[in-house]
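S.K.: Below are the structure tokens for one structure; questions will follow.
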Amino acid sequence: MAAVSVVVEKLTRRFGETIAVDDISFRVSKGELFGFIGPDGAGKTTLFRILTTLLLPDAGSCRVEGFDVVNDYKKIRNICGYMPGRFSLYQDLTVEENLNFFATIFGTTLQENYDLIKDIYQQIEPFRKRKAGKLSGGMKQKLALSCALIHKPEVLFLDEPTTGVDAVSRVEFWEMLSRLKAAGITILVSTPYMDEATLCDRVALMQGGRMMSISTPGEVIRNYPLNLLSVRAGDIYHLLGELRSYPGMHSVYAFGQSAHVAFRGTGIDAGSLKVFLTEKGHRSVEITPIGANIEDCFMELMNTQPR
Amino acid sequence: MKRFRGFVIKEFYHIFRDYRTLLILFGMPAVQLLLFGYVLTNEIKDAKIAIYDPSKDVVTRRISDKILSSGYFLLEKNLHSVAEIGPVFRQGNVKLALIFETDFAQKLEKTGTARVQIIGDASDPNTANMLVNYTTGIISNYLVSMNSAAVPLRIIPEVRMMYNGELKGVYMFVPGLMAMLLMLISALMTSLSITREKELGTMELLLVSPLRPTQVIIGKVFPYVFLSFVDACIILGLGNAVFGVPIQGSIALLLMECFLYITMALSLGILISSITSSQQVAMLISLVLLMLPTIILSGFIFPVENMPWILQALCYLMPPKYFISIIKSIMLQGNGMAYVWRETLILVGFTSLFLVISIKKFNVRLA
């Protein structure tokens, strides 16, 4: 087994009555790209803040590269890179000044680690004299990543790096992450976008402070226990309601322009469903059996696990 | 050290790119000083006076009694020679001295005229003026009651103001304004600049970096020490050039005391920022808890002697009060360390208290 980078054991953190992180345990290997998927309030940010030594755990232990987050926090602060969920750079400093500042406080220079951030930085280099506050969302993200990488961290924590970023920039961002992974950096990344989960080595699904499952994206899909039909019809709103009332139905979700219908075993026959829908007055009903994608799997996982 | 330098450079970028900050930093002192050229009235009670009475006859005793029983004055000291007047003023308690001429009663009886000298400490011109007016009023009342005789008797009060002969209100306002502006710039600006990092989330990044809390704090404070110092010099220079406010004492000592006061205000600013996380709250606390007391409870505008005891007690908890009296003492009376060491020690005490609390309270984590 590969060397371990991050170990979390029975970690719990409360804020008053709310339990933000509830008895979580997991391990991340060195050089792994580990994703956390979950809706807002799942506890992802709290978990990241504990791992980056910004918050103290109430119970349980965490080690990053062998250092304890409570006792050895100073050592961890030298070796980890952190990109908070909100854009947190100095808006009144230029791109270049921001980078130089973060390089200096980590005791390094832009030139020294230029190779590591070259791919990312080159895209924003033409704007290096521009104030960070005047950059577009995607460019801000690239600058923030450059700043988090400037000291060549061993572990990189990215808290929802792609939230609020356009689709093209998101794709570019994940390409950068796989290049960093190739450079041997352990990456922990959280995202509310389920489709990004497939790009990780392993994915943890979080909900309500709990870890619902940890597995590779492939396993997640293989372990999907249901059968799926994709249903298309003109009036999606009424379609969803009528599908839910159909006998043998397990769950129904809107998925873009179509509805995904999940059922156990052979509970539903496509032909009779089409007849049922046509009787209800739907025109041009299209029903196709499909394989589960990662989103179907997470929806199902979130549904079945006890809260 | 290199990290620290990088941090300080960043702070200077913040300051010089924000024209509002610059305006507060450099525009305000000048505007305030020019605006505050005016004097507000104030009232007096229990002002301490010294009396030199070489004649010790019935008339001088009666006049002294009248003055002391008026409720405005308290006898601090009976002087034994004219030479004692200077030192007794410089100690700072005595606001007014009364000097009778020798053989007062005899001269009054024989020639119908006697002289009394009234010396006021005009480093606080309003108070001095008021005290002198009260005293002459009491003396002339006494005369009226005596004037049953056919020959009108005259007592001529000779008024002399010490330390600020022309009764310039500006003299008073320069120390007060220094106390106020340095407090505002130092405390408000540091507390704002630290809470701004918290609000923007950059504090998270600073915390996750290997920078130590003391480096962050000192890095934040350093530019403002420098800039506040520049401000102190602007106020002193403008006061001198435009209003002719003298600097009688040692400039080195004066600047040292300014430095001490600035440090005190800065540590207060850090303290404020450590108990709040939003710029608005920090601003509110700075303004309400620092500015108003600095103006009202420091003796800057209203004389402390005239307040109810509970407010007077509060006044003794206001660092600016001590700074103002130090500055007045050095600038206007030309005193040295021997006269201001007590206030200086008190300021040192405040500074260390605030610094210790704020470094203890500065969190190496988020919550």
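S.K.: Any chance you could count how many residues in region A:37-82 are in a loop (DSSP other than H, G, I, E, B), more than 10 Å from chain B (Cβ to nearest Cβ) and touching a residue at least 24 places away in the same chain (Cβ under 8 Å)?
M.R.: The qualifying residues number 9.
S.K.: Tell me yes or no: at least one residue of region A:158-179 is under 30 Å from A:ASN98 (Cβ atoms), in contact with an Asp or Glu (Cβ under 9 Å, 6 or more places away or on another chain), in contact (Cβ under 8 Å) with a residue 60 or more places away in the chain and buried (at least 23 other Cβ atoms within 10 Å of the Cβ).
M.R.: Scanning region A:158-179 turns up no residue that is under 30 Å from A:ASN98 (Cβ atoms), in contact with an Asp or Glu (Cβ under 9 Å, 6 or more places away or on another chain), in contact (Cβ under 8 Å) with a residue 60 or more places away in the chain and buried (at least 23 other Cβ atoms within 10 Å of the Cβ).
S.K.: Please list, ordered by first then second residue, the pairs with beta carbon atoms under 7 Å, 6 or more apart or interchain, first in region B:6-33 and away from chain A (no Cβ under 11 Å) and touching a residue at least 60 places away in the same chain (Cβ under 8 Å), second loosely packed, with under 15 Cβ neighbours inside 10 Å and assigned to a helix (DSSP H, G or I).
M.R.: Correct list of pairs: empty, since none qualify.
S.K.: Condition first: away from every other protein chain (no Cβ under 11 Å), hydroxyl-bearing (Ser, Thr, Tyr) and surrounded by 15 or more Cβ atoms within 10 Å (Cβ to Cβ). Can you find one or more residues in region A:106-124 that meet it?
M.R.: yes
S.K.: On to the next question. If we keep just the residues of region B:70-124 that are of a type in the set (S, T, N, Q) and at pLDDT below 85, which is farthest from B:ILE327 (Cα to Cα)?
M.R.: B:THR111
S.K.: Another one. Looking for something within 14 Å of chain B (Cβ to nearest Cβ) and either in contact with a Gly (Cβ under 7 Å, 6 or more places away or on another chain) or surrounded by 19 or more Cβ atoms within 10 Å (Cβ to Cβ) (or both) - is there at least one such residue anywhere in region A:128-135?
M.R.: yes
S.K.: If you don't mind, another one. With (1) closer than 29 Å to B:MET337 by Cβ; (2) out of contact with any Gly (no Cβ under 7 Å at 6 or more places or on another chain) as the list, and B:LEU96 as the residue in question, which single condition is left unmet?
M.R.: Tallying (1) closer than 29 Å to B:MET337 by Cβ; (2) out of contact with any Gly (no Cβ under 7 Å at 6 or more places or on another chain), B:LEU96 fails exactly one: (2).
S.K.: Next question, about the same structure. Quick one: would you say B:GLN280 is assigned by TED's automatic domain parsing to the domain that holds B:LEU181 and at pLDDT below 85?
M.R.: So B:GLN280 fails the test.
S.K.: Do we have any residue at all in region A:168-180 that's closer than 18 Å to A:ILE79 by Cβ and within 14 Å of chain B (Cβ to nearest Cβ)?
M.R.: Scanning region A:168-180, I find no residue that is closer than 18 Å to A:ILE79 by Cβ and within 14 Å of chain B (Cβ to nearest Cβ), so the answer is no.
S.K.: Only one of B:LEU260, B:LEU254, B:LEU317 is free of Cβ contacts under 8 Å to residues at least 24 places away in the same chain and among the aliphatic types (A, V, I, L, M); which?
M.R.: That would be B:LEU317, the only listed residue that is free of Cβ contacts under 8 Å to residues at least 24 places away in the same chain and among the aliphatic types (A, V, I, L, M).
Per-residue answers, yes or no, for (1) outside any helix (DSSP H, G or I); (2) more than 13 Å from B:SER193 (Cα to Cα); (3) under 16 Å from the mean Cα position of the chain (by Cα); (4) in the same structural domain as B:MET178 (by TED's automatic domain parsing):
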position: B:ASP231; (1), (2), (3), (4): no, yes, no, yes
position: B:SER274; (1), (2), (3), (4): no, no, no, yes
position: B:ILE285; (1), (2), (3), (4): no, yes, no, yes
position: B:MET291; (1), (2), (3), (4): no, yes, yes, yes
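S.K.: Do the conditions hold for A:GLY85, that is, is it assigned to a strand (DSSP E or B), under 20 Å from A:HIS151 (Cα atoms) and either within 10 Å of another protein chain (Cβ to nearest Cβ) or not polar (S, T, N, Q) (or both)?
M.R.: In short, no.
S.K.: For a quick check of your reading: which strands (runs of 3 or more DSSP E) sit entirely within region A:162-268 and have at least 1 residues that are not assigned by TED's automatic domain parsing to the domain that holds A:CYS80?
M.R.: Where strands (runs of 3 or more DSSP E) fall fully within region A:162-268 and carry at least 1 residues being not assigned by TED's automatic domain parsing to the domain that holds A:CYS80, they are A:227-232, A:251-255, A:258-263.
S.K.: Something else: Look at B:LEU266 and say whether it is assigned to a helix (DSSP H, G or I), within 14 Å of another protein chain (Cβ to nearest Cβ) and surrounded by 22 or more Cβ atoms within 10 Å (Cβ to Cβ).
M.R.: no
S.K.: Where the second residue is of a type outside the set (Gly, Ala, Ser) and crowded, with 19+ Cβ neighbours inside 10 Å and the first is without any contact (Cβ under 8 Å) to a residue 40 or more places away in the chain and lies in region B:87-100, which pairs have Cβ atoms under 9 Å and are six or more apart or on separate chains?
M.R.: B:VAL88/B:LEU79; B:VAL88/B:VAL94
S.K.: Give me the pairs, please: first residue somewhere in region A:269-286 and within 15 Å of A:SER230 (Cβ to Cβ), second residue anywhere and of a type in the set (D, E, K, R), beta-carbon distance under 8 Å, and either six or more positions apart or on two chains.
M.R.: A:LEU277/A:GLU242; A:HIS282/A:ASP235; A:HIS282/A:GLU242; A:SER284/A:ARG232; A:VAL285/A:ARG232; A:VAL285/A:LYS274; A:GLU286/A:ARG232
S.K.: Quick one: how many residues across region A:183-206 are polar (S, T, N, Q) and either without any contact (Cβ under 8 Å) to a residue 40 or more places away in the chain or surrounded by fewer than 20 Cβ atoms within 10 Å (Cβ to Cβ) (or both)?
M.R.: Of the residues in that region, 1 qualify.
S.K.: Yes or no: A:VAL203 within 19 Å of the chain's Cα centre (by Cα) and either farther than 30 Å from A:SER272 by Cα or modelled with pLDDT of 85 or more (or both)?
M.R.: yes
S.K.: Only residues that are touching a Ser or Thr at 6+ places or on another chain (Cβ under 8 Å) and among the β-branched types (Val, Ile, Thr): list them for region A:85-129, please.
M.R.: Within region A:85-129, A:ILE105, A:ILE117, A:ILE120, A:ILE124 qualify.
S.K.: Something else: Limited to region B:105-125, what total is found for residues that are in contact (Cβ under 8 Å) with a residue 24 or more places away in the chain and either polar (S, T, N, Q) or in the same structural domain as B:GLY299 (by TED's automatic domain parsing) (or both)?
M.R.: So the answer is 4.
S.K.: Taking the condition within 25 Å of B:LYS328 (Cα to Cα) and surrounded by 15 or more Cβ atoms within 10 Å (Cβ to Cβ), does B:LEU287 pass?
M.R.: Spelling it out, it is not the case that B:LEU287 is within 25 Å of B:LYS328 (Cα to Cα) and surrounded by 15 or more Cβ atoms within 10 Å (Cβ to Cβ).
The values are calculated or read from the model by the stated rules, or taken from the named source; none is laboratory data. Owing to the predicted nature of the structure, the values given are computational and were not obtained by experimental measurement. Neighbour counts run over all protein chains shown; Cβ positions are idealised from the backbone, glycine included.
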